[in-house]
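**Q** Dropping the structure in here first, questions after.
The values are calculated or read from the model by the stated rules, or taken from the named source; none is laboratory data. Everything numeric here is computed off the predicted structure, so don't read it as measured data. Glycine also receives a Cβ, built like all others from the backbone with ideal geometry; neighbour counts cover every protein chain displayed. With ligands, DNA and RNA removed, areas are computed over all heavy atoms of the protein, side chains included. Shrake-Rupley method; radii C 1.70, N 1.55, O 1.52, S 1.80 Å.
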Amino acid sequence: MAAEVHGGRAKCLQRLIRLDMPVPTTVALSFDAVRRIAHGWTPDMEALLAPFGEDPLLSVRPSSLDPDWGGPGAVLNIGMNGVRHKTLAAQIGDAAATALYLRFIQSYAVNVARLDAEPFRHAEGDLDAMLAAYEEETDEPFPQDPAQQLSEVLRFMARAWDGTTARILREAKGAPADAGLGLVVQAMALGVGAPESGAGVIQFADEATGAPQIKGRYKSQSQGRDALKGNGAIYLTKDARGPSLEELCPAIYADLVRFGTLARQKLREEMQIEFTIENDALFVLDAVRVPRSSRAAVRIAVALAEDKIIPREEAILRIPPATLNDLLHRQVAPGADRDVFARGIAASPGAASGRLVFSSSEAQASAARGEPSVLVRRETTPEDIRGMHAASAVVTARGGITSHAAVIGRGLGLPCIVGVSALAIDPKSRTVTASGQVLAEGDLVTVDGHTGELLVGQPEMVEPALGEAFQTLLDWADAVRDIGVRANADTPADAETARIFNAEGIGLCRTEHMFFEGERLTVMREMIFAESPADRAAALDRLLPMQRADFADLFKIMRGLPVCIRLFDPPLHEFLPTDKAGLRELAEALDRPLSDVTHRAREMSEYNPMLGLRGVRLGITVPEIYDMQARAIFEAAADVARHGDPVIPEIMIPLVSARREVELVRGRMDAVAAAVRAEKRAEIPYKLGVMVETPRAALRAGDIAESTTFLSFGTNDLTQMTYGLSRDDAGRFMSDYVQKGVYREDPFHTLDLEGVGELLAMGAERGRAMRPDIVLSVCGEHGGSQAAIAFCRAYGFDYVSCSPFRVPGARLSAARLAISERMGFAEPPLKPGKVLIYQ
Ligand code: PEP
Ligand code: MG
């Protein structure tokens, strides 16, 4: 019997039987049989009932491939009728027999005959009234033929699986469109009657923490999972608070514990066992995987491997990387009430509550008062960085997965939702409207960056918990993975996080983020407004020590690990205020007339800033900025190396499209290095690399590689430019595009392996052909995803770099890919030059 044919429950029961557990007679119906039943076919009832002997009482349970996919609830006591009621009354007493009959009629009427529940609730406890209610509702007496009852139950369950809601729910959990349902027909162990009879559930690990612990309940004179619902259940193990099964039936308890250990050993999983005691005899009716939180999943998998029940590799394969998200961030408690105000793109995971604010300055003011805030903006710009730092979460009406808010949110580990197109923000009245509902500044809201929902109020939360098992699992992952994982880190705080998560270095430090801190912004603006080279040099001289301190901090924190610093990238005008009040403030700070400042700001604005004067183009036209940055890097490296670990900084040039750009920058970098070498009397080793972010850089990678030691693919810009799709505007129509199947996924979220991937493959191949030892990496937002890592492994990249909070997931993904490949689950890497498509 295979789970793919009969479902997981049937397969599991077969294994329990093989382990000599007392499982009642069981017949499994395959996915195919159930599919045919749903379409009107009736199985040979005589043959189906034959194994159960005379007058059986039966249960039917669903058996899909994955229990998480749901399915119709179990139906118990099939076979109850007038005759059986009498014989049973003689055996177990009239009250118990009547209770079973009543239970069956009620469940059959409501679930199988699809009748309104109300009349049957009224008839509770009264058999004649219950039978009358059935006849009244259907104009037919309650069916007495067990074969007819069973056949109706099977049909009901088969059709329930085909229902729209059931399908949507399971597909949301990853079930394929054609997922099948098997059914398990089993002889009932009654759980009622004397001597001791009853039912219970036992498991051996805590579902929230995964800690080993016997948990469950037992209830005398009950069936199924009654013990977990109502009153009257007792503990399983001896407990000061009340009676226990261990005291009531010590031998049965001992058997259960033995079965639990056996099931864990042989089924290689923590199982929850449903059992029934009938006339002092134990029956095992069913066993399912203990349902578990993400935290418990990690602890259980690690414990199974430590007990040598499963290999470490399997423990790694059992934890999907997304599971780690729940461990790294606060979450809205599962089952908590959610008052959804609006939905958008889940851009950075975790959940946080706070008072609504509409400006960065309000977010900062809230933080100063010690009040958490949620910053809601149409979109964020680099100017908002301090507000974002101060807020607990960020929501933007516009933007996609690589928009400013999304990138910064992930970097800061800040829950973030972008592209909430239903939001109408009115900055004047300080309100936000969505679907007719209005919220005002100061209202309490919660951002769920996991689901992309903005919630009204503050639902219950669960705290992140890493724990020892998490560390152990990642240590095992590191031992098997064969591609490096670095972090994108711009600040000392990011670098600390990167270290905590064992990143192997910094793969991308976006230096422009450093210029938005405190008084630097003013100096930066002075530099932008400088009228003469001397004025500009003066402003840069003031920025130099600040940058030097930034880099020294990063080098110290990373203790000898590689740090890859990207030279200044954004268009300069991003540093200028956008509104009147800001311009006025700036004019005052610079002591210049407002008209001057406004004029200059207008002069610098561009029609297409993303394709304008930014990246290396700034480095070529205003080279003093890169000179200052290079000096800051070299001086910091020399200072830190003198007192600690050796530092070999990596300097990366953004937005390159021509080899000559690299040569010009290299010339200046070498000159600055030589100057610092002479001043400091120290070696100034460094590596110069190029960010491949334009299609032309990928096409000309061979040429460009000649004067660089590494190529790092910036897949955010590369996606933007390959599609000709603005990463800041695409959020507005992306859902339409995905819904209509134009794009399979948002390419800013899921690396487009067919298009952008081909450029990556080509760039890697051409770069390596020119320089076989060239170091290749991806540092765009895609870098942390399993699909991108698979691609990078296939093409022999050296490392991926992603937001610090995605580093653990990337380490796990990389290990899973290496293991799958070794075990033959994954496609082998392709020969260079061919594009592998992971569907
Ligand atoms: C990129 O373009 O992929 C990249 C990493 O740079 P940024 O996101 O800063 O443009
Ligand atoms: Mg870029």
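Here is a yes/no grid of residues against (1) more than 20 Å from the chain's Cα centre (by Cα); (2) farther than 30 Å from Gln437 by Cβ; (3) not in a strand (DSSP E or B):
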{"residue": "Thr451", "(1), (2), (3)": "no, no, yes"}
{"residue": "Leu455", "(1), (2), (3)": "no, no, no"}
{"residue": "Pro464", "(1), (2), (3)": "no, yes, yes"}
{"residue": "Gln471", "(1), (2), (3)": "no, yes, yes"}
{"residue": "Asp475", "(1), (2), (3)": "yes, yes, yes"}
{"residue": "Arg486", "(1), (2), (3)": "no, yes, no"}
{"residue": "Ala493", "(1), (2), (3)": "yes, yes, yes"}
{"residue": "Leu508", "(1), (2), (3)": "yes, yes, no"}
{"residue": "Leu521", "(1), (2), (3)": "yes, yes, yes"}
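**Q** Still on this structure: Look at Met691 and say whether it is in the same structural domain as Glu624 (by TED's automatic domain parsing), within 16 Å of ligand 1 (Cβ to nearest atom), at negative phi and among the hydrophobic types (A, V, I, L, M, F, W, C).
**A** The answer is yes for Met691.
Condition check ((1) open to solvent by 50 Å² or more (accessible area, probe 1.4 Å); (2) among the small types (Gly, Ala, Ser)) across all residues:
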residue: Ala33; (1), (2): no, yes
residue: Ile37; (1), (2): no, no
residue: Thr42; (1), (2): yes, no
residue: Glu46; (1), (2): yes, no
residue: Ser59; (1), (2): no, yes
residue: Pro67; (1), (2): yes, no
residue: Met80; (1), (2): no, no
residue: Leu88; (1), (2): no, no
residue: Ile92; (1), (2): no, no
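**Q** Another question, if that's okay. If you take the residues in the stretch 220-249 that are part of a strand (DSSP E or B) and closer than 19 Å to Asn279 by Cα, which one is most open to solvent (accessible area, probe 1.4 Å)?
**A** Among those residues, the one meeting the criterion is Ser220.
**Q** Restricting to the stretch 658-714, count the residues that are more than 24 Å from Leu760 (Cα to Cα), touching a strand residue (DSSP E or B) at 6+ places or on another chain (Cβ under 8 Å) and open to solvent by less than 40 Å² (accessible area, probe 1.4 Å).
**A** 1
**Q** A follow-up question, please. Which of the residues belonging to the stretch 571-589 are surrounded by fewer than 16 Cβ atoms within 10 Å (Cβ to Cβ) and either within 28 Å of Ile620 (Cβ to Cβ) or within 46 Å of the chain's Cα centre (by Cα) (or both)?
**A** If the condition is that a residue be surrounded by fewer than 16 Cβ atoms within 10 Å (Cβ to Cβ) and either within 28 Å of Ile620 (Cβ to Cβ) or within 46 Å of the chain's Cα centre (by Cα) (or both), then Thr578, Asp579, Lys580, Ala581, Gly582, Arg584, Glu585, Ala589 are the ones that fit.
**Q** Would you mention how many residues in the stretch 715-730 are open to solvent by 10 Å² or more (accessible area, probe 1.4 Å) and either over 23 Å from Leu508 (Cα atoms) or among the hydrophobic types (A, V, I, L, M, F, W, C) (or both)?
**A** 5
**Q** Inside the stretch 773-789, can you point out the residues that are out of contact with any strand residue (DSSP E or B) (no Cβ under 9 Å at 6 or more places or on another chain) and either more than 24 Å from Arg727 (Cα to Cα) or within 15 Å of ligand 1 (Cβ to nearest atom) (or both)?
**A** Matches in the stretch 773-789: Asp773 only.
**Q** Would you mind finding the one in Gly724, Gly714 that is within 13 Å of ligand 1 (Cβ to nearest atom), assigned by TED's automatic domain parsing to the domain that holds Pro747 and modelled with pLDDT of 95 or more?
**A** Gly714
**Q** Return the residues of the stretch 621-657 that are within 16 Å of ligand 2 (Cβ to nearest atom) and either small (Gly, Ala, Ser) or open to solvent by 10 Å² or more (accessible area, probe 1.4 Å) (or both); say none if nothing qualifies.
**A** Ser657
**Q** Do you know which of the residues in the stretch 585-620 that are touching a residue at least 12 places away in the same chain (Cβ under 8 Å) and charged (D, E, K, R) is nearest to ligand 2 (Cβ to nearest atom)?
**A** Arg614
**Q** Return the total of residues in the stretch 793-808 being more than 15 Å from Leu753 (Cβ to Cβ) and either modelled with pLDDT under 90 or open to solvent by less than 10 Å² (accessible area, probe 1.4 Å) (or both).
**A** Number of matching residues: 7.
**Q** Right, something else. Kindly indicate the residue of the stretch 604-620 that is charged (D, E, K, R) and within 15 Å of ligand 1 (Cβ to nearest atom) and also surrounded by the most Cβ atoms within 10 Å (Cβ to Cβ) among those meeting that condition.
**A** Ranking the candidates gives Arg614 first.
**Q** Looking only at residues in the stretch 756-777 that are among the hydrophobic types (A, V, I, L, M, F, W, C) and under 19 Å from Ile483 (Cβ atoms), which one is surrounded by the most Cβ atoms within 10 Å (Cβ to Cβ)? Spell out how you get there, then give the answer.
**A** Here is the first cut: in the stretch 756-777, the ones among the hydrophobic types (A, V, I, L, M, F, W, C) are 756, 759-762, 764, 769-770, 774-776.
Now narrow it down to the ones that are under 19 Å from Ile483 (Cβ atoms): 756, 760-761, 764, 774-776.
Working: Val756: 25, Leu760: 30, Ala761: 21, Ala764: 26, Ile774: 20, Val775: 20, Leu776: 24.
Filtering the stretch 756-777 for residues that are among the hydrophobic types (A, V, I, L, M, F, W, C) and under 19 Å from Ile483 (Cβ atoms), the one surrounded by the most Cβ atoms within 10 Å (Cβ to Cβ) comes out as Leu760.
**Q** So, one more: Only one of (1) within 32 Å of the chain's Cα centre (by Cα); (2) in contact (Cβ under 8 Å) with a residue 40 or more places away in the chain fails for Leu543. Which number is that?
**A** Going through (1) within 32 Å of the chain's Cα centre (by Cα); (2) in contact (Cβ under 8 Å) with a residue 40 or more places away in the chain one by one, Leu543 breaks only (1).
**Q** With respect to Glu661, is the statement that it is within 18 Å of Val616 (Cα to Cα), within 16 Å of ligand 2 (Cβ to nearest atom), assigned by TED's automatic domain parsing to the domain that holds Gly767 and in contact with a Leu (Cβ under 6 Å, 6 or more places away or on another chain) true?
**A** Judged against the criteria, Glu661 is not a match.
**Q** Scan the stretch 355-370 and give yes if some residue there is small (Gly, Ala, Ser), open to solvent by less than 50 Å² (accessible area, probe 1.4 Å), farther than 17 Å from Val420 by Cβ and not in a helix (DSSP H, G or I), otherwise no.
**A** yes
**Q** Just to confirm my filter: which helices (runs of 4 or more DSSP H) fall fully inside the stretch 1-110 and include at least 3 residues that are of a type in the set (Gly, Ala, Ser) and in contact with a Leu (Cβ under 9 Å, 6 or more places away or on another chain)?
**A** Result: 94-107.
**Q** So which of Gln186, Gln221 ends up being under 25 Å from Glu270 (Cα atoms), more than 27 Å from the chain's Cα centre (by Cα) and of a type in the set (S, T, N, Q)?
**A** Gln186
**Q** How many residues, within the stretch 537-567, are within 16 Å of ligand 1 (Cβ to nearest atom) and either outside any loop (DSSP other than H, G, I, E, B) or outside the structural domain of Arg631 (by TED's automatic domain parsing) (or both)?
**A** The qualifying residues number 4.
**Q** Kindly indicate whether Arg668 is over 25 Å from the mean Cα position of the chain (by Cα), assigned by TED's automatic domain parsing to the domain that holds Glu650, at positive phi and away from ligand 1 (no atom under 16 Å from the Cβ). Step through it out loud before you land on a result.
**A** Working: over 25 Å from the mean Cα position of the chain (by Cα): yes; assigned by TED's automatic domain parsing to the domain that holds Glu650: yes; at positive phi: no; away from ligand 1 (no atom under 16 Å from the Cβ): yes.
Criteria not met by Arg668.
**Q** Can you list residue pairs whose Cβ atoms sit under 6 Å apart, with the first residue in the stretch 386-407 being not assigned by TED's automatic domain parsing to the domain that holds Gly714 and the second being of a type in the set (Val, Ile, Thr) and within 11 Å of ligand 1 (Cβ to nearest atom)? Count only pairs 6 or more apart in sequence or on different chains.
**A** Met388/Ile408
**Q** Take the residues in the stretch 374-390 that are in contact with an Asp or Glu (Cβ under 7 Å, 6 or more places away or on another chain) and open to solvent by less than 60 Å² (accessible area, probe 1.4 Å); name whichever of them is nearest to Leu455 (Cα to Cα).
**A** Thr381
**Q** Something else about it: Counting just the residues of the stretch 715-755 that are assigned to a loop (DSSP other than H, G, I, E, B) and β-branched (Val, Ile, Thr), which one comes out nearest to ligand 2 (Cβ to nearest atom)? Full working, then the answer.
**A** Let us first name the residues in the stretch 715-755 that are assigned to a loop (DSSP other than H, G, I, E, B), namely 724-730, 740-755.
Now narrow it down to the ones that are β-branched (Val, Ile, Thr): 742, 750.
On the way: Val742: 24, Thr750: 18 Å.
Result: Thr750.
Results for (1) surrounded by 15 or more Cβ atoms within 10 Å (Cβ to Cβ); (2) modelled with pLDDT of 95 or more; (3) away from ligand 2 (no atom under 16 Å from the Cβ), shown as yes or no for each residue.
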residue: Ala503; (1), (2), (3): yes, yes, yes
residue: Leu508; (1), (2), (3): yes, yes, no
residue: Met514; (1), (2), (3): yes, no, yes
residue: Glu519; (1), (2), (3): no, no, yes
residue: Arg525; (1), (2), (3): yes, no, yes
residue: Ser532; (1), (2), (3): no, no, yes
residue: Ala539; (1), (2), (3): yes, no, yes
